[in-house]
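First the structure, in the form of structure tokens, and then the observations on it.
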Amino acid sequence: MTAYALLFAFGCFGIALLLNLWKIITAEGVGDRVLALDTLVINAIAVLVLVGIQEGTEVFFEATMIIAMFGFVSTVAYARFMLRGNIIE
């Protein structure tokens, strides 16, 4: 039963990743692209967690923590760049 749930979750998150890529390509404003990119990072983290569950290893969970930190910092830096025009004062 768990295998079917994982397969369904992989399908859902795969579709979500494709829709996020589509939104990044077709978005009109920069803010929409940043939001779609942040959502793409969150969905990629979910896929890595699912791979970790499927494989039964803890390496993927550590990788998701690193990607989550990188995604948060990059989103904050880009938002600050959009508001102020520079990142470091």
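All of the numbers you see were taken from the coordinates with simple rules; none came from a lab. In this text, all values refer to a predicted model and were calculated from it rather than measured experimentally. Methodologically, a virtual Cβ is constructed for each residue, glycine included, from the backbone with ideal geometry; neighbour enumeration extends over all protein chains shown.
Within the range 42-72, the set of residues being within 26 Å of THR2 (Cβ to Cβ) and under 11 Å from the mean Cα position of the chain (by Cα) comprises ILE42, ASN43, ALA44, ILE45, ALA46, VAL47, LEU48, THR64, ILE67, ALA68.
Of note, GLY52 satisfies the criterion of being in contact with an Asp or Glu (Cβ under 8 Å, 6 or more places away or on another chain) and part of a helix (DSSP H, G or I). Each residue in the range 1-16 was checked for being among the aliphatic types (A, V, I, L, M) and either more than 13 Å from VAL51 (Cα to Cα) or touching a residue at least 12 places away in the same chain (Cβ under 8 Å) (or both), and 5 of them qualify. Looking only at residues of the range 17-37 that are among the hydrophobic types (A, V, I, L, M, F, W, C) and touching a residue at least 12 places away in the same chain (Cβ under 8 Å), we find that the one that is surrounded by the fewest Cβ atoms within 10 Å (Cβ to Cβ) is VAL30.
One residue stands out in the range 48-89 among those that are more than 30 Å from ALA9 (Cα to Cα), without any contact (Cβ under 8 Å) to a residue 12 or more places away in the chain and among the hydrophobic types (A, V, I, L, M, F, W, C): the one that is surrounded by the fewest Cβ atoms within 10 Å (Cβ to Cβ), namely ILE88.
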